[in-house]
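Peer 1: Quick one: structure below, then a few questions.
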Amino acid sequence: QSLKKGGKLSNLEKTSFSEMSSYLSPRVNEETWKAGIQSLKKGDTSTCSLWLNNAVLGMLPFKASRHNTPSRSHALTKMVNSLKISGAVETAFIVVCDRKEAYALGSAVSRAFPKYLRSSSVTVEVVKVIQVGFVFVGENTQPLTDGEVECLKETCEAIRLTQYIVDAPCNEMHTDGFIEQVKGVASQLGIKPFIIRGEELDAKGFGGIYGVGKAAVNPPALVVLSHTPPKATTTIAWVGKGIVYDTGGLSLKTKTGMPGMKRDCGGAAGILGAFYTAVKLGFSQNLHAVLCLAENSV
């Protein structure tokens, strides 16, 4: 088992070794813990080994910008990626933070463990068990409730689903492949998806989606998932752009503009993940996820 701990330096300094001893003892003592914090304070590195690679202390950056959140969740994902040990059967990440930042930071850990893995040159070993714990500092140090833990769990599943759809290349995640992912989510939620695809799109007046995707091998589609609880009083619709690959069509993109265009389906992927989370957690109002799926081919 390997143990990784991280947080802002100010939060780590507020944390006593007695709060950590259940995770670190007997391999790490109080003297080593304090020495690790002092090492981080020097600013030479963002991580410090407390016991070989099996117990590592990490520090999130001081600075924030308009590109990230006060929780520094983006940095935590990068840190977790750098600390992953190939072949580890069980890994625990203990995050020291304000309670209000737990949702963002817990979600950030899940981003470091994508579902889509393909490798021909290296053997990829998947960690069997990932545990995420929190030590809260500040005014509110109450443990997470069962409902909050469930919310984090379902959000992390949705994040990894969204990642999978965006990461998979178009020869796998074409419109048919995307629809299969939608059907999988619908099955879990007990919902039947409404699908219009191919020539039917043109016949029913959805010329935009049809025009963009008609040149592709896999036909374009409009997919709708609807959650309609009986006591709902409000209706909300989320619309997601799902261009599984954008070559630019007849206005072909350049060699520098085309790479990465598989990410053009990220809007629909994000809506699908958000819809899954909301419904799974018992959203009480009418909610529709409208996914516009096409491959902009030539």
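Peer 1: Sorted by accessible area with a 1.4 angstrom probe, largest first, how do 63, 280 fall? Mind showing how you got there, number by number?
Peer 2: Numbers: 63 175, 280 90 Å².
Result, largest first: 63, 280.
Peer 1: Here is a further query. What does the C-alpha gyration tensor say about the overall shape of the stretch 100-249? Classify as rounded when a/c is under 1.5, otherwise prolate if a/b is larger than b/c, or oblate. Walk me through the intermediate numbers first.
Peer 2: Details: a/c = 2.71, a/b = 1.48, b/c = 1.84.
Since a/c reaches 1.5 but b/c is at least a/b, the shape of the stretch 100-249 is classed as oblate.
Peer 1: Round to the nearest 10 and report in Å² the accessible area of residue 196, as given by a 1.4 Å probe over the protein chains' heavy atoms.
Peer 2: Only protein atoms counted, so the area is about 10 Å².
Peer 1: Just to confirm my numbers, what's the Cα centroid distance between the stretch 152-196 and the stretch 207-284 in Å?
Peer 2: 10
Peer 1: Describe numerically, in nm with one decimal, the distance between label points set 7 Å from Cα along Cα→Cβ at residue 89 and at residue 202.
Peer 2: Output for this residue pair reads 5.9 nm.
Peer 1: Only Lys, Arg, Asp and Glu count, each charged at its Cβ (+1, +1, -1, -1), so figure out the dipole size of the chain about its Cα centre, rounded to 20 debye.
Peer 2: 560
Peer 1: Taking R0 as 45 Å, what FRET efficiency do you get between residue 16 and residue 283 from their Cβ-Cβ distance, rounded to the nearest 0.05?
Peer 2: Step by step, r from the Cβ atoms, then E = 0.65.
Peer 1: Indicate the helices, whole DSSP H runs only, in the chain that combine a mean Kyte-Doolittle hydropathy of -0.5 or more with a Cα extent along their long axis of 24 angstrom or more. Kindly include the intermediate steps, with their values, before the conclusion.
Peer 2: Values: long enough: 146-167 (31 Å, -0.19).
Helices passing the filter in the chain: 146-167.
Peer 1: Could you look at the chain and say what percent of its accessible area is carbon and sulfur, using a 1.4 Å probe and all protein chains? Mind dumping the intermediate values first?
Peer 2: Working: 8280 of 15750 Å².
Answer for the chain: carbon and sulfur cover 53 percent of the accessible area.
Peer 1: Turning to a different aspect of this structure: Express in Å², to the nearest 10, the accessible area of residue 69 obtained by rolling a 1.4 Å probe over the protein heavy atoms while all chains stay in place.
Peer 2: Around 60 Å² of this residue is reachable by solvent.
Peer 1: Moving to a separate point now. What does the extension gain come out to for residue 37 and residue 255, with contour length at 0.36 nm per residue minus their alpha carbon separation?
Peer 2: Values: separation 218, 0.36 × 218 = 78.48 nm, distance 4.69 nm.
Extra length from residue 37 to residue 255 when fully extended: 73.8 nm.
Peer 1: With point charges of +1 on the Cβ of Lys and Arg and -1 on the Cβ of Asp and Glu, referenced to the Cα centre of the chain, which listed residue (133, 10, 251) lies farthest in the positive direction of the dipole?
Peer 2: My answer, from the dipole projection, is 10.
Peer 1: I've got another one for you. Could you sort 33, 51 by their accessible area in this structure, using a 1.4 Å probe and putting the largest first?
Peer 2: 51, 33
Peer 1: In debye, nearest 20: dipole of the stretch 86-223 around its Cα centre with unit charges on the Cβ of K, R (+) and D, E (-)? Present the calculation step by step, with values, prior to reporting the outcome.
Peer 2: Details: 13 positive and 17 negative charges, 54 e Å.
In debye, rounded to 20, the stretch 86-223 gives about 260.
Peer 1: Once the chain is represented by equal point scatterers at the alpha-carbon sites, with solvent omitted, what log10 I(q)/I(0) does the Debye formula produce at q = 0.06, 0.10, 0.16 Å⁻¹?
Peer 2: -0.26, -0.68, -1.24
Peer 1: While we're on this one: Expressed in nm to one decimal, what extension gain is obtained for the pair residue 146 and residue 263 from 0.36 nm per residue of sequence separation less their Cα-Cα distance?
Peer 2: Working: separation 117, 0.36 × 117 = 42.12 nm, distance 3.44 nm.
Residue separation times 0.36 nm, minus the Cα-Cα distance, leaves 38.7 nm.
Peer 1: Sort 175-186, 12-23 by packing, meaning the average of other beta carbons within 10 Å per residue, with the highest value first. Write out the running numbers ahead of the final one.
Peer 2: Numbers: 175-186: 19.0, 12-23: 14.6.
Descending mean neighbour count gives 175-186, 12-23.
Peer 1: Using a 1.4 Å probe, how large is the accessible area of residue 174, given in Å² and rounded to the nearest 10?
Peer 2: 40
The values are calculated or read from the model by the stated rules, or taken from the named source; none is laboratory data. None of these values were measured; they are calculated from a predicted model. As a convention, Cβ positions derive from the backbone with ideal geometry for all residues, glycine included, and neighbour counts pool all protein chains shown. Remember, those area values only see protein heavy atoms, side chains included, never the ligands or the DNA or RNA. Shrake-Rupley method; radii C 1.70, N 1.55, O 1.52, S 1.80 Å.
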